[in-house]
Structures are given as structure tokens and as C-alpha cells.
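Since the structure comes first, as C-alpha cells, the remarks are kept for the end.
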Amino acid sequence: MKSKKIEKILTKSLQNIRIDKEEALELLNEAELLDLAHYANEKRKALHKKKIVTFVIDRNINYTNICKSGCLFCAFYKSNKEEKGAYLISKEELSKKIEETKDLKGTQILLQGGINPDLDLDYYLNLLKFIKTFNIHIHGFSPPEIFSISQKSNLTISETLEKLIDAGLGSIPGGGAEILVDKIREKISPGKCNSQEWLNVMEEAHKLGLKTSATMMFGHIESNEDIISHLDKLRNLQDKTGGFTAFIPWTFQPKNTKLDNVIKKSPLEYLRVLSISRLFFDNIKNIQTSWVTQKDKIAQLSLFFGANDFGSTMIEENVVRSAGVSYMLPKEKIVSLIKEAGFKPVQRDCFYNLFE
């Protein structure tokens, strides 16, 4: 039985009254999971009235796994090109991956890589120009990558983004956020940009008309207070710019990482954070489930915990796979899961335009 305090907070969300940080933390710490599910589901229904659940067909191409950051949570990176398994993608391999994506009716390429110290701005510009010859949308480069490119090029973030846009960049994924609390970032990703620098890249991108997604990787060394602080920083920036299209929370996968002693978050803990995200973000319409980390049945269940988007078909995924999670879902299975849950599956593009 929920307390009057919890009930009051939950009711506010359905009355379009903003929940503050303290109230969100109260829900995360104290609310019953099924109460969160009920209210998050009602919030989703209010925002998405036609029972549509969207998905996108794309491919995650990691152009390099060479990275100087050395994040403790990453099982994908290699430290240099001499290390076994280190690579920089060739044009031949890139062409093959893009053509396969288009053959599967893919509408975009998700382009991300490590922070490779050997690459300069010209490499990235030429990479974008080459991909654009295939006439496909590029959803590319996380804020840490863009921040690193700007530093190496002695350009401002805005100047760097303008050059990348001119070369073909169409939108930015929300990677590299992890937890936007510097005391956490200093421990798990000391080689990456700090939280404010991450937010600055997104703000400058939004000012230039680029839409972006936002993410959160939780379940490592953060506290519940850190999770809510992360959500609050994203909501504040969205108030200012309106540039985030969607929010995607996902759980840390410890296998093969330097944090492999961390106990992986349970599906119930994932659903709790997912539902609170839906209740907290009154200014981000789309909440995406993470079937890559949660598998099919929990992803399907998440549609009743506030999620309205099934994310990507992930024709290719390498980063989470490196941490021992290699679950894949073809388009047909995603469509089936959505239908089984009582929703209408609709393919979308990066900007949530629908393909009927």
C-alpha cells in the first residue's frame, strides 16, 4: 500500500505538474514497482494515444575500437593499433556494411568509435562525406568524440559541429553520458569529457539545429542520488533547447570489464528506473527500451512501464557484445513482440517521423 506522500507525487505526474528532484528520489527509493508501472503507463498513454510503438532499422558501425580513454566499464576498446584486435575500418568494409543496411531497408547509420588519438578532423570529415555518397542518414559521434575532435583541432565545439554538419552529420547519439556526475566520471571514465562538457556539446548541437538522443548507463558505482541528478541535468537542458528526441536508460554489463565484480542490476531494477524516467521527463516525449541489455520479454514488459519505442533492430552491435551480451532481434521479432503486447508497431526514422 503506497503512502499518501508517494500517492501525491505519482498523482502530480498525471496532472502535468512537474516532479522535482527530491520527489523523484523518493519514488526511486520508496515507491512500489507496480505503482510506478501503473502511473508510467498512464503517462505513456497520455503522450502516445494511438497505441503505437516505434522502432528504427539501422546499423551500429564502430569505425574504430582504438581508444585512449580507458573507461573501466568498457570491454570493447583497445589501447593502440599494435594491440591484438585493434582496428580502423576500411572503406571496403564500410561500404559492405552500408549496402547490407540499405538492403534491409535501413534508414540510418549509427556511427561511433573510440577516442582514437591518431585521427584528425580531416579523417572524420572524409568519413562522413564517404558515407553520404550512399544517401543514408548519419546518426553519429557521441559528445566525448566531438569534444576530443574539437580539442585536437583547436576549434570551438560550435565550429567543429559546423564542419561535421557540412560533411554530412545529421544527428548525434547520446553515448558517453554514463552518469553525468563528475565524482563518478572521474572514477569510471577519467579520460573522457566531464559532465558539463558533455552537456555543452549537446547544447551547441541543439543550437545548430541538430537533434540528439540522451542516454544513461546505470548499475555500476553510482547512487540513487546520482541517477536523479543525471535525469535532472538532461531535463534542464531540454527545457532550454528542446533538442532531445528520446531518452534511453540501460544497465551496465560488467563481464570482461575492469568492474566485473559489480553485481548486474536485475530486470526489476531496470524497470524501476525506466518508469521513473517516464514520470520525470515531462519534456522528452519518447522513452526507449533497451532490449540489447534486457532481452525480449523484459523489453516487451517495459512497454507497460513507460517505454513507447523499441529502439533499433541493431543489424550490428559490438560494444555490449564485448561485455558478454550478444542477444539480437530481427525486425520480424520486434514487430511480433510489439503486436503480442497489444500495440501497433510502426517503423520510424531518427526524428520519429513514422513510416506507415
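Quick notes on this structure:
- Charge dipole of the chain about the Cα centre (unit charges at C-beta), most positive-ward option of GLY174, GLN288, PHE141: GLN288
- Highest-fluctuation residue, ALA40, ALA307, ALA31 considered, GNM on the chain with Cα pairs under 10 Å: ALA31
- DSSP beta bridges in the chain [antiparallel fraction, %, rounded to 5]: 10 percent
- Viscosity 0.890 mPa s, temperature 25 °C, Stokes-Einstein D of segment 113-165 from Kirkwood C-alpha radius, µm²/s: 215 µm²/s
- According to the Cα-based calculation, Rg over Rh for segment 142-194 is 1.02, with Rh computed by the Kirkwood formula.
- Computed from Cα positions, the angle between helix 195-207 and the longest principal axis of the chain comes to roughly 80 degrees.
- Counting only DSSP H runs of at least 4 residues, each contributing -39500 (n - 2.57), and dividing by the residue count of the chain, the helix-based mean residue ellipticity at 222 nm comes to -14000 deg cm²/dmol.
- In terms of packing, defined here as the mean over residues of other Cβ atoms within 10 angstrom, the peptides 224-236, 98-110, 282-294 line up highest first as 282-294, 224-236, 98-110.
- Axis angle, to the nearest 10 degrees, between helix 4-14 and the longest C-alpha principal axis of the chain: 60 degrees.
- Extension gain from ILE52 to ILE263, taking 0.36 nm per residue of separation minus the Cα-Cα distance: 72.5 nm
- Rolling a 1.4 angstrom probe over the protein heavy atoms with all chains in place gives segment 83-187 an accessible area of 44 Å² per residue.
- Option label - semi-axes √(5λ) of the Cα gyration tensor in Å computed here, alternatives [x] 30, 26, 21; [y] 32, 23, 20; [z] 27, 26, 20: [y]
- With a Förster radius of 22 Å applied to the beta-carbon distance between GLN196 and ARG18, the computed FRET efficiency rounds to 0.45.
- Helix 267-280 axis, angle to the chain major axis (alpha carbon atoms, nearest 10°): 80 degrees
- Taking amide H as placed 1.01 Å from N in the peptide plane, the amide H of MET216 sits under 5 Å from that of ILE248, TRP250, each at least 5 places away or on another chain.
- Size of segment 130-259 as Cα extents on the principal axes (Å, biggest first): 42, 35, 29
- Segment 195-252, accessible surface, carbon-and-sulfur percent (1.4 angstrom probe): 44 percent
- With all protein chains in place and a 1.4 Å probe, the accessible surface of segment 77-170 carries 47 percent carbon and sulfur.
- ARG348 long-range amide H proximity, modeled H, under 5 Å: PHE55, VAL56, ILE57, PHE355
- Along principal axes, Cα extents of segment 229-282, largest first, whole Å: 39, 23, 18
- In the context of the full set of protein chains, segment 226-281 has a per residue accessible area of 36 Å² (1.4 Å probe).
- Bridgeable aspartates and glutamates around LYS297 (alpha carbons under 18 Å apart, same-chain partners fewer than 8 residues away excluded): GLU269, ASP309, GLU332, GLU340.
The values are calculated or read from the model by the stated rules, or taken from the named source; none is laboratory data. These numbers come from a predicted model, not from an experiment. So basically every Cβ, Gly included, is an ideal-geometry build from the backbone, and we count neighbours across all protein chains shown. Only protein heavy atoms, including side chains, enter the accessible area calculation; ligands, DNA and RNA are left aside. Shrake-Rupley method; radii C 1.70, N 1.55, O 1.52, S 1.80 Å.
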